[in-house]
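*Asks:* Take this structure, written in structure tokens, and hold onto it; I'll ask about it next.
Where a number appears in this text, it was derived from the coordinates with a stated rule and is not lab data. These figures come from a predicted structure and were not determined experimentally. Heads up, the Cβs are rebuilt from the backbone with ideal geometry, glycines too, and the neighbour counts pull from every protein chain shown.
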Amino acid sequence: MMAIYAIILEEPTTPQGEYAIQNVYPDAYKIREGVFLVHSEDIAQDIAIAVGIKTKDDGSNMSGVVFKLNGSYSGYAARAMWDWLRQKEAMPR
């Protein structure tokens, strides 16, 4: 089942960390440096492993967290972010 996740890298972020996210999830929405929204069928742990936050042998090569969003959110942000969320939520699950 497709879901939306927030990936938050701890500072200082590296270009390699952001590249890893954008390489695995080319349609990721970058909110700001080190903060991305992704749309995936994977669970949070698999996303963390895929982007290099958590490796299978549990040795981290970058610090960060992955949160599954529950569809309940509010705030004021760029229209492009709301459009991205609306588009991803409208996709078949």
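*Asks:* Could you work out the relative contact order of the chain, using alpha carbon pairs under 8 angstrom and six or more residues apart, expressed as a whole percent?
*Replies:* Numbers: 124 pairs, mean separation 33.6, N = 93.
The normalised contact order for the chain reaches 36 percent.
*Asks:* Continuing with this model, one more query. Mind checking the dipole of the chain: about its Cα centre, +1 per Lys or Arg Cβ, -1 per Asp or Glu Cβ, Debye to the nearest 20? Don't skip to the end; give the middle numbers.
*Replies:* Working: 9 positive and 12 negative charges, 69 e Å.
Charge dipole of the chain: 340 debye, to the nearest 20.
*Asks:* Also: Out of these labelled values of Cα Rg over 2.2 N^0.38 Å, [x] 1.92; [y] 1.11; [z] 1.05, which was calculated from the coordinates shown here?
*Replies:* After the calculation, the listed value that fits is [z].
*Asks:* Please report the net charge: other residues with Cβ closer than 15 Å to the Cβ of GLY75, K and R +1, D and E -1.
*Replies:* +2
*Asks:* If you take every residue apart from LEU9 with its C-beta less than 9 Å away from the C-beta of LEU9, what net charge results, scoring Lys and Arg +1 and Asp and Glu -1?
*Replies:* Values: positive: none; negative: GLU10, GLU11, GLU18, GLU33.
Residues near LEU9 contribute -4 overall.
*Asks:* In deg cm²/dmol and to the nearest 500, what is the mean residue ellipticity at 222 nm of the chain if only DSSP H runs of at least 4 residues count, each as -39500 (n - 2.57), divided by the residue total? Spell out each step's value before the answer.
*Replies:* Working: 3 runs with 30 residues, N = 93.
Only helices count here, giving -9500 deg cm²/dmol.
*Asks:* So which lysines pass the test for LYS54, namely a Cα distance under 21 Å, with those fewer than 8 places away in the same chain ruled out?
*Replies:* LYS30, LYS68
*Asks:* Select from VAL66, ALA20, TYR5 the residue farthest towards the positive end of the dipole of the stretch 3-90; place +1 on Cβ of Lys and Arg, -1 on Cβ of Asp and Glu, and compute about the Cα centre.
*Replies:* TYR5
*Asks:* Then there is this: Spin-label point model (7 Å from Cα, Cβ direction): what's the ARG86 to MET1 distance in nm?
*Replies:* 2.5
*Asks:* I need the GluC sites (Glu not before Pro) found in the stretch 8-39, filtered to DSSP loop residues with at most 15 other beta carbons within 10 Å of theirs. Before the final figure, lay out the partial values.
*Replies:* Numbers: sites: GLU10, GLU18, GLU33; in loops: GLU10, GLU33.
Passing sites in the stretch 8-39 are GLU10, GLU33.
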